[in-house]
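Heads up, the thing below is written out as structure tokens.
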Amino acid sequence: MNPLKIVFCVALMATPLVAAAGETPSERLLTQQVYAYFSIPSVDALKERFQETKFSGLFEEQGIKDFAAQLEDKYNEAASNLQEKLGMSVSELLAIPSGEFAVAVTRLEGFEVGIIAMIDYGDSGDAVDKFFEQYEEAVEEKGVTWSSESFEGTEIVTYEYPQDEDAEADAPVKAPSGFSMFRKDSTLVIGNTPAALESVLVRWDGDHPETFAGNEVYDYVLQQTSIGDRAPAMKWFVDPVGGIEIGIQANADKLPQAQMALGFLPVLGLRNMRGWGGSVDLATEEFESVSQSLLYIDPPVTGVLGLFSFPETDLSVPDWAPNEATGYAGMNWDAEKAYDTVRNLYNMFQGQNALEKLVDTLADSPTGPSIHIKDDIVDQIDGRIHVVNFPVELGEDELGETSLQNVQQDMIVAIDVVDADKMKSLMSKMADGNTFPGKIREFEGQTIYEMPNQAAASGGPESFAVTIANDAIVMSTDVKRVESMLRGVDRADRLAGDGTYQRVASHFPVEVSMVGYQNADSQLKPFWEMFRTDKVPGVDVKEVDFTKLPPFEVIQKYLAPSGSYVITDDKGAKFVSFGVRPE
């Protein structure tokens, strides 16, 4: 692809830009059926909010400036090349956007799909003129041609690339043959076809009866994920199932097998998944950053979606989690419903009671461990699952000798069970005999099953351990973590009582489907110190001296601890993630 085409696409699609006709938001300029959508309602507001975050101060630290100075020559060289080709400096290019930026993939007539970017350039009309003058001058000699037509009083210009003679005529996915654009009311609109732009122009006054703003799924998502009283810094929406359907239908003659697969979408329950979208904001009263999204699913939940049932419950961090932990994740998984989902799907294809018969046969096999998957395992899973992460531990002599892929972060996974004694008996039965690959030993009144890790040769831990304790199946990548858990954790050393964790947990609802906590500074520190040695195996960035990175303490104060949780909604599930303000 012509480098200038790449520059053009990057400049218009990746730079935070803006879209809207006057006061008309982009949602009212798009057709009702949209498969992907991203918007920055106001680039100026986004910049202002970022400057209000504490993290923005990181780039004013002298240590960071000194490190970044190494890249200045490369940046200046790239900026000079860009200016030579476009006749505009990087600063001039970045100064173009103002207001809203939006990009969308939308359905047009029939199975035609429109790809649209809308950019409100405010008072930068002269800069846009200059950009296109330079672009046309540069690409004319490359065989690019352009023509114009008028639609509802607005000139649409279409640029056409030279045809690739080697391209396959019947390929289901083709490279773009060009793009179209128009300018109206200080707004630049770019689309993959003139029809895409015409769909925008007929909605320009914002009063069209069929727009994306009127899409019931998007409207509900937007209402449920609003953040405070102000417009979000960013908002987005995707309809992956709808996008797959339209893509297959549009290429039915080229993808006959995929066309047949569409018939399984209702059977698998995927047609009920109508979309996923949300909002993001920065520097709110409570948070450094916050994101809310909603996965919209029409009830009832059927098919494979039944595998992902997480009822709300109390997911307080367990007492055995120590305050040295860098992260915690909890979830309440409905194992019974997941098993029923697998059974129903299996029996649908294999015949009535097929899975039940298979499970009974395996349990009665004289060569097997005599374990009934449903009765002995599934029925024993309480639902609550806890994952605790620990900091990476590297000695001074290991910092410059350990490759990134060999860095091991220990963790404990605990799956709560209904009857701990029954699970102990089951574990004993499974480990009985000469075929058990590990060793069994007693510790603090509990049995630890320590097994070799087959991935140890590629950098993983040498062994992992399993035990039944605290009414849970406990697994860890390091047996020492299990031993520490079995010894017990003093109240003063519990994660639940840690001040940083409590700051995050204070924003969790009482009952959730999933919950998460991350302490960014303790997670990042070992990797930061590794790079400061400038000797990390496998990392060789020429002309960058990582020893010039400042001490970790310089950036530590800018790293916000974060939390997340998931709760159920009448129309699916709501996801919330946030970073609290650093102290």
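Only DSSP H runs of four or more residues enter the estimate; each adds -39500 (n - 2.57), and after division by the residues of the chain the mean residue ellipticity at 222 nm equals -8500 deg cm²/dmol.
Where Lys and Arg each count +1 and Asp and Glu each count -1, what net charge lies around Thr326 among other residues with Cβ under 12 Å from its Cβ?
Counting the neighbours of Thr326, the net charge comes to -4.
What does a probe at Phe111 reach in the range 240-259, counting residues whose amide N is under 13 Å from the point 7 Å along Cα→Cβ? Residues 244-259 qualify, since their backbone N sits under 13 Å from the label point. Ligands, DNA and RNA are left out, and with a 1.4 angstrom probe the accessible area of the range 252-322 is 47 Å² per residue. Net charge of the neighbourhood of Thr341, taken over other residues with C-beta under 14 Å away and scored Lys/Arg +1, Asp/Glu -1, is 0. Taking all protein chains as present, what is the carbon and sulfur share of the accessible area of the chain, in % to the nearest whole number, probe 1.4 Å? Reported share for carbon and sulfur atoms: 51 percent. Shape analysis of the range 299-580 places it in the prolate category; the axes a ≥ b ≥ c from the Cα gyration tensor give an a/c of at least 1.5, with a/b above b/c. For the pair Glu583 and Asp545, a Förster radius of 35 Å applied to the C-beta separation gives a FRET efficiency near 0.65, rounded to the nearest 0.05.
Amide H to amide H, with H built 1.01 Å from N, Gly114 comes under 5 Å of Thr106, Arg107, Leu108, counting only residues 5 or more places away or on other chains. Pairs from the list Lys422/Lys480; Lys235/Lys574; Lys65/Lys557; Lys85/Lys130; Lys130/Lys184 with a Cα-Cα gap above 19 Å: Lys422/Lys480. From the Kirkwood radius over Cα pairs of the chain, Stokes-Einstein at 20 °C and 1.002 mPa s returns a whole-number translational diffusion coefficient of 76 µm²/s.
Here's the picture: a label point sits 7 Å out from the Cα of Leu362 along the beta-carbon direction, and within the range 298-340 the residues with their amide nitrogen under 14 Å of it are 339-340. Count Lys and Arg as plus one, Asp and Glu as minus one, and take only other residues whose Cβ is under 11 Å from that of Phe464; the net charge is then -3. With R₀ set to 51 Å, the beta-carbon distance separating Asp493 from Ser147 gives a calculated FRET efficiency near 0.10. Taking all protein chains into account, the per residue accessible area for the range 488-554 stands at 54 Å² (1.4 Å probe). On the basis of the beta-carbon distance and an R0 of 51 Å, Asp73 and Arg503 show a calculated FRET efficiency of 0.75.
The values are calculated or read from the model by the stated rules, or taken from the named source; none is laboratory data. Keep in mind that what you see is a predicted model, and the values were worked out from it rather than measured. Using ideal geometry, Cβ is built from the backbone for each residue, glycine included, and neighbour counts are taken over all protein chains shown. Calculation scope for accessible area: heavy atoms of the full protein, side chains included, ligands and nucleic acids excluded. Shrake-Rupley method; radii C 1.70, N 1.55, O 1.52, S 1.80 Å.
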